[in-house]
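Right, one structure below, let's go through it.
What follows draws every value from the coordinates through simple rules; no lab data is involved. Remember, predicted model here, so these are calculated numbers, not experimental data. Don't worry about glycine lacking a Cβ; one is built from the backbone with ideal geometry, like all the others, and counts go over all protein chains shown.
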Amino acid sequence: MEQTAQSKSQYGMVIDLDRCTGCGACMVACAVENNVAPAEQKATDRTGNTWLRVYTVTNGEEFRDLDTVFVPMGCQQCGTHTPCVSVCPQNAVEVDHATGIVAQIPQRCLGCRYCMAACPYHARYFNWWDPQWPKGTESLLNPDVAPRMRGVVEKCNFCHGRLHTARTKAAAEGKKGIEPGDYIPACVESCPSQAIVFGDLADESSTVAQLSRSSDTFQFLPGLGTAPKVSYHSAREWVRKMAARVPTA
Amino acid sequence: MSLKGPILFLCGVLASLAIGWFAFPAALYRTEPQPMPFNHAIHTGEQNGMTCDMCHEFTENGSFKGIPAVTKCADCHSAPIGSTESEKVLVEQYVTPQKEIPWKVYSRQPDNAHFPHAVHVKKAEITCDVCHGPHGSGSSLPEYQVNRISGYSRDIWGKNISGIPSQPWEGMKMDRCVRCHAERRRDDSCIDCHK
Amino acid sequence: MKITRRELLTFAGGSLLGALFTPIPWKLLDDSSIWTQNWSLIPGLPRGPETFTATRCALCPAGCAVRARRIDGQPVTLAGIPTDPFKNGALCPMGIAGHHLAFHPLRLRQPFAFTGKGPDATLVPVGLDEIVSEVARTIQDLSAASMPGSIAILDQRPGRAVSGMYREFMGMCPQGTYIVPPGAEEPTLATLQRLCDFNEALPCFDLENTGVILSFGSDLLDGWSSPSHTAGLIRNRNQNGLNLIQAEGVKSRTAHQANTWLPVIPGTEAALALSIGHVIIRDGLHPREIEKGLSDFQTYKNLVAGFPPDATAAVTGIAAQAITTTAHAIASGPSVVIAGCNPAGGPFDHATETAIAGLNLLVGNVGRKGGITLRARTPSAEASTVPAVALANVPDHSIRLLFVDGAESGNIFPASLLRRKLTPDGGTVVLMSPYLSPRSAGADYLIPSPAAYESMEEISTRSGASRSSFALSLPLLSQPEGTVDPVAFLAKVAEQAGLPVPGLTSSEACLKQRAHDIWASKRGSLTAAADSAVTPVQGMSGEEDLWKGLSEGGCWIDGEEQRASTTRRSILGSITPGHFQPLTAPVKPAPGTLKLMAFGWRNATMTASVAPVLSKIFQESHLRSLGGKVHLNPSTIAAHALVDGARVSISTQSGTVTADVVADPAIIPGVIHAIVGPSPNNAAPTDQPEAEGLLGLCVVGADGTWRITEATIARA
């Protein structure tokens, strides 16, 4: 079969948990970029919509010995055997082989939420309510990301709208593939500590590929076999141990 | 034996068919006039020999400007250069007061569809008429008919109510994109075309 | 002919069968599913040309550089500019959604008057001219001395060009006072200005070249000066060798990132600072020349003799070894010692500020590269002779008419601090603000000023920057009809009151005047936004060049910084040893009470200052707590028979407020860490300013501070 698509990439991230200060800029940048509406008044952390969510985890010690790690967690973009893809009755999500992105198409979703149960990272969010945009903010929406209504599940797609823009630019400039610097997800761009590194894991020379091979780089719930393309990096032993454990609380 | 039953039945079938194939399309679509007449042929024909991209431009980073803003018309028509009534309307009602012409767009797609003209026109080198037909050589704009229910132009489904295109450039729904992509053996994913 | 039912049904059956062979059912299915995607509850996406504008965020004085992506002129995405000449390379969460603030549910779109008092007060729309007349009349009555009291303006962001104009206006008014709130000026530098005579220059922190930062509770990563600038320093500390020591009674985000965290018991910071001073003198770590250079060195030496590390450890909770290590760290090379000011908890008392800031003098930081350097003031044709009075120093019950400029500093203070400065009948308060904030509760008139990104605003030198600078926050949105420029409003008032103030016309005129003054001074250079090209002001042919560069997103940065040349230096200033609590008689909290301390995140202390989408952080996750939560150490929770999530009543001598408990091991035992922040997102319009809540429980002392208040807690 003649392959006319651009060469395959495997987009992934390495997030440095020692640099992350837990400021939350990435969470807000993600919401603004992807047209995620502000919370309904009744929304809580269980019913909210946070494609990228920064969790606060402590080492369980008392005040003086306390250490905290802030963990930005969005869709981990699991490898080929993605739990969510395997359960969706609508084919509303699939793994894009050209980029490795686990693509959620909310317009196809019927809202059964099976995928939310299947996702071990709780990275999928359901629109319990219709989006409530303060009057006037409709003119501030990002035209590169489709809006959603209530009743559908959505999640991080690695800012694929920005990938579209990068591809359009490459086409206009007559280039075969995109410039890596043209495709930067909103969370990566916004981090004041530059804690998130993004790039093509299939490109051995890329920073993200090199970081992913570090001995201090790990993944969450590695025993499940999800092979996520989002990895984390920490020099702290207790953080690495925490990531491998199934939470008891 | 009475044939009344079967005949009545047949009448019912025929009535339905007639309504479905003739009355329904007429009722489903509403014709809306374009704000003013526009003659593509004068611009692209032998007289002026313009190409599509002289007005329907790309920006530097590849995004497509679509239907040109009135400033593009003003580049030539800041004052009437011909003698037609339509040009007079253009200059007096739009160019001079710097008012955008509220054209009705035949190929308007839903918000969740991402169609990058740059990738198709510049990279795949598909000419405009492949998707838009002989639109650019027409001497008047086709009738704009809008589907009362969906709100989209009739050209999206196709002129033919059956959905079977009578011309290769008819219809702009997803299945047409998918068909052409399959013909060109592209390995696509949802994320390539959906926002 | 009569039609039977059977005939009708036969016909209908035929029609039904026929219908299946027509487009009707299939097309209707298709079209109605498309119709469901067009409902008004799904917003349509904007269309139009994409452009990019370089501007700056004016939500707080940091003025971080912004690259705004615009669709058809409307700002859609804001991102930081890593090559920002000020090195504020990224935006904070509030800044990223700054363009949404103009559409905040609490946005004011017309002038209002408050009628009635207390919880029954209601907002009534009123014409601007009516307010102008009323206020002008009040001024005239005050001029005629038929009413006692002064006229004052509270400027929360002093140092701007409009601040100068406000001073002039007050200078023309009878008993006019120009007031700055607590925290508007960086406390360490303000203290150093009291201790030393820097002539006309201003002290600043040379953070780029410093080796050690010893911070007493400064929220370096959460709002102090410029958080993105600090994040950059910390991010690069492997290269620049920065050693950050955070002395704070809570393990904050800054404390987590610090090289060393000193969990000092709140209220004992002065003892810790004096103990560090003790070690420095004991071990001879101070430069010899300061013994003669400081006028009260001997007094200081005798004072710190009473604060040896071993004894201080018990009171402060910091081990003697840690105190010694810290002292050696700050004395080992260029360092800066910073006295913090929490956005909701306010500054330390003067004695503590002096003890902390004085360490800079003791180790010789003042005048040293990497320490406290001096910058020349931003050029201004005439320095104002009207002094700035700290709010705490305004005589009680003295202000009859108060204007409040709504440009926020990012900090908040208890309303009682302001209330007691007004005449007993409450005076007349005119609040010029874009939003209905908690401050509105004390106001009589609300003037809707332009919201974020709706007008050209000044980005003056951020506190701590080592060179003076000037830049503009360029607007990205059009102002709705009804917004009023604060300066233009005051100009109207002044004119009607018969007090013409030259130059008081509009905010933009003030900005142009400052640009003119900078150009006339021939100092510094302009860095262009587009290509970072640097053009010295001296080389510019006309002042339009400077204004044009600024209007295109460029920034002016002053020339060489000055060396500190001072004639007078004192390490204690007006503080006497008696101001400090001796170690032998530490202040003990009454049994059963806790220390209530208000905490806020800069620029996120109230609902009106954060865009609704910040609910991601406050409400839809546990990353930051909403206002009205109190964080307690688990041991404190157990000691008071409470549980995580309990609803409690907290009482101080100011009143009682209910709150929700959050168990947080980062809080030192014995402290109620009260969050002053936004409420859950509420799209419904309201005309009630939100209640002050926990901040109102803080008792403001005679010195104008409210950092620690004795409180009791019980299940509600």
Cα extents of the stretch C:268-379 along the three principal axes, largest first (Å): 50, 40, 24
For chain C, calculated [θ]222 nm from helices alone, where every DSSP H run of n ≥ 4 adds -39500 (n - 2.57): -8000 deg cm²/dmol
DSSP-loop GluC sites (Glu not before Pro) across the stretch C:239-302, with at most 16 other Cβ within 10 angstrom: C:GLU289
MRE, 222 nm, helices only [DSSP H, n ≥ 4, -39500 (n - 2.57), over chain B, to nearest 500]: -7500 deg cm²/dmol
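So in the protein assembly as shown, what percent of DSSP beta bridges are antiparallel if you round to the nearest 5?
About 60 percent, rounded to the nearest 5.
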Point-to-point label distance, A:TRP238-C:ASN259, nm (Cα→Cβ direction, 7 Å offset): 2.2 nm
Cα-based convex hull volume of the stretch C:1-84 per residue, rounded to whole Å³: 191 Å³
Cα Rg, Dmax (largest Cα-Cα span) when computed across the protein assembly as shown, Å: 33.8, 132
Sequence of C:ILE179, B:ILE156 once ranked by neighbouring C-beta atoms within 10 Å, starting from the fewest: B:ILE156, C:ILE179
Surface/4 estimate of mean projected area, convex hull on alpha-carbon atoms of the stretch C:50-171, nm²: 11.4 nm²
Average beta-carbon neighbours from other chains, 10 Å sphere, peptide B:179-191: 5
Cα pair distances exceeding 47 angstrom across chain C, given as percent: 22 percent
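Using Cα pairs closer than 8 Å and at least 6 residues apart in sequence, work out the relative contact order for chain C, in percent.
Averaging sequence separation for qualifying contacts and normalising by length gives 18 percent for chain C.
Classify the stretch B:76-185 as rounded, prolate or oblate, taking a ≥ b ≥ c as the square roots of the eigenvalues of its Cα gyration tensor: rounded when a/c is under 1.5, otherwise prolate if a/b is larger than b/c and oblate if not.
Values: a/c = 2.15, a/b = 1.74, b/c = 1.24.
Because a/c hits 1.5 or more and a/b exceeds b/c, the stretch B:76-185 counts as prolate.
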Pair C:ARG419, B:ASP175: separation of 7 Å Cα→Cβ label points (nm): 7.1 nm
Cleavage-rule hits, trypsin sites (Lys or Arg not before Pro), the stretch B:1-79, DSSP coil, Cβ neighbours within 10 Å at most 16: B:LYS65
Shape of the stretch C:50-103, Cα gyration tensor, a/c cut at 1.5: oblate
Ranked A:PHE158, B:PHE115, criterion: other C-beta atoms within 10 Å, fewest first: B:PHE115, A:PHE158
Cα shape, the stretch A:16-235, gyration tensor, a/c 1.5 rule: rounded
Average Cα contact separation per residue, the stretch A:16-235, under 8 Å, 6 or more apart, as relative contact order %: 25 percent
Volume of the Cα convex hull of the stretch C:363-456, divided per residue and given in Å³: 194 Å³
³J(HN,Hα) computed for each position of the stretch A:107-115 - Karplus, 6.51 cos²θ - 1.76 cosθ + 1.60, integer Hz, glycine/proline x: 5, 9, 5, 9, x, 6, 6, 4, 4
Burial ordering of C:SER615, B:SER78, fewest other beta-carbon atoms within 10 Å first: B:SER78, C:SER615
Contact order normalised by residue count of chain B, Cα under 8 Å, 6+ apart, percent: 26 percent
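Determine how many Å³ per residue the convex hull of the Cα atoms of the stretch C:132-286 encloses.
Dividing the Cα hull volume of the stretch C:132-286 by its residues yields 192 Å³.
With a cap of 15 neighbouring Cβ atoms within 10 Å, and only residues DSSP puts in a loop, list the trypsin sites (Lys or Arg not before Pro) found in the stretch A:201-246.
A:ARG213, A:ARG236, A:ARG245
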Computed lengthening from C:ARG237 to C:ASP531, 0.36 nm per intervening residue step minus Cα-Cα distance: 103.1 nm
Percent of Cα-Cα distances greater than 18 Å, calculated over the stretch C:588-715: 53 percent
